[in-house]
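Colleague: For reference, the structure I am asking about is given below.
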Amino acid sequence: MPSPRYWREVPARYRLEAGRCVGCGAVVYPARRICPACRGQQFERLALSRRGTVVTSTVIHVAPTEFQMEAPYAMAVVETPEGARLMVQVADCEPNEVGPGMEVALEFRRIRKEGKSGILCYGHKAVPVR
Ligand SMILES: [Zn+2]
């Protein structure tokens, strides 16, 4: 079964919804209850752009079981224009092509099937903008 954390984050995952701290303006994704920067507890919802820039990336050669079929693949930290940072898989390219500064679009895709129950988990993947 997907973890409780997965379900709690479903709205954020589906809509790319972040929280912007009313106190200090920090953008956190997924939204949290407490701001990691100032400990503030008031947030306004912020819909993120479906694009961003790769900050760092790494190529995964040995993947967790559910992702084995896809290895090797690139994982990247992508920063949106709002300043939110997401850790996402980069699809539709050679893993070695991915690097800092690469412009990507964030697309809603199937991430994996969970176990025998066949529950499909959806989330965002980054795709290079060419
Ligand atoms: Zn804050």
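Colleague: Quick check on my filter: what residues within segment 109-129 are surrounded by fewer than 16 Cβ atoms within 10 Å (Cβ to Cβ) and at pLDDT 85 or above?
Modeller: Filtering segment 109-129 for residues surrounded by fewer than 16 Cβ atoms within 10 Å (Cβ to Cβ) gives 109-110, 113-122, 129.
Of everything in segment 109-129, just one residue is surrounded by fewer than 16 Cβ atoms within 10 Å (Cβ to Cβ) and at pLDDT 85 or above, namely 129.
Colleague: Check segment 45-56 and report whether any residue there is within 16 Å of the ligand (Cβ to nearest atom), more than 17 Å from residue 92 (Cα to Cα) and touching a residue at least 12 places away in the same chain (Cβ under 8 Å). I'd like the intermediate steps shown before the answer.
Modeller: Residues of segment 45-56 that are within 16 Å of the ligand (Cβ to nearest atom), as a first pass: 45-46.
Now restrict to residues that are more than 17 Å from residue 92 (Cα to Cα): 45-46.
Remaining after also requiring touching a residue at least 12 places away in the same chain (Cβ under 8 Å): 45-46.
Yes, the conditions are met somewhere in segment 45-56.
Colleague: If residue 89 satisfies all but one of (1) over 12 Å from residue 57 (Cβ atoms); (2) at pLDDT below 95, what's the number of the condition it fails?
Modeller: (1)
Colleague: While we're on this one: Yes or no: residue 63 surrounded by 14 or more Cβ atoms within 10 Å (Cβ to Cβ), in a loop (DSSP other than H, G, I, E, B) and either more than 16 Å from the ligand (Cβ to nearest atom) or modelled with pLDDT of 95 or more (or both)? Explain how you work it out, then say what you get.
Modeller: Details: surrounded by 14 or more Cβ atoms within 10 Å (Cβ to Cβ): yes; in a loop (DSSP other than H, G, I, E, B): yes; either more than 16 Å from the ligand (Cβ to nearest atom) or modelled with pLDDT of 95 or more (or both): yes.
Yes; evaluated as a whole, the condition is true for this residue.
Colleague: Something else about it: Restricting to segment 71-91, name every residue that is farther than 20 Å from residue 46 by Cα and either exposed (fewer than 13 other Cβ atoms within 10 Å of the Cβ) or among the aliphatic types (A, V, I, L, M) (or both). Show your work before the answer.
Modeller: Here is the first cut: in segment 71-91, the residues farther than 20 Å from residue 46 by Cα are 71-76, 89-91.
Once the filter is applied, which keeps residues that are farther than 20 Å from residue 46 by Cα and either exposed (fewer than 13 other Cβ atoms within 10 Å of the Cβ) or among the aliphatic types (A, V, I, L, M) (or both), segment 71-91 yields 71, 72, 74, 75, 76, 90, 91.
The values are calculated or read from the model by the stated rules, or taken from the named source; none is laboratory data. None of the values given here were measured: they were computed from a predicted structure. Don't worry about glycine lacking a Cβ; one is built from the backbone with ideal geometry, like all the others, and counts go over all protein chains shown.
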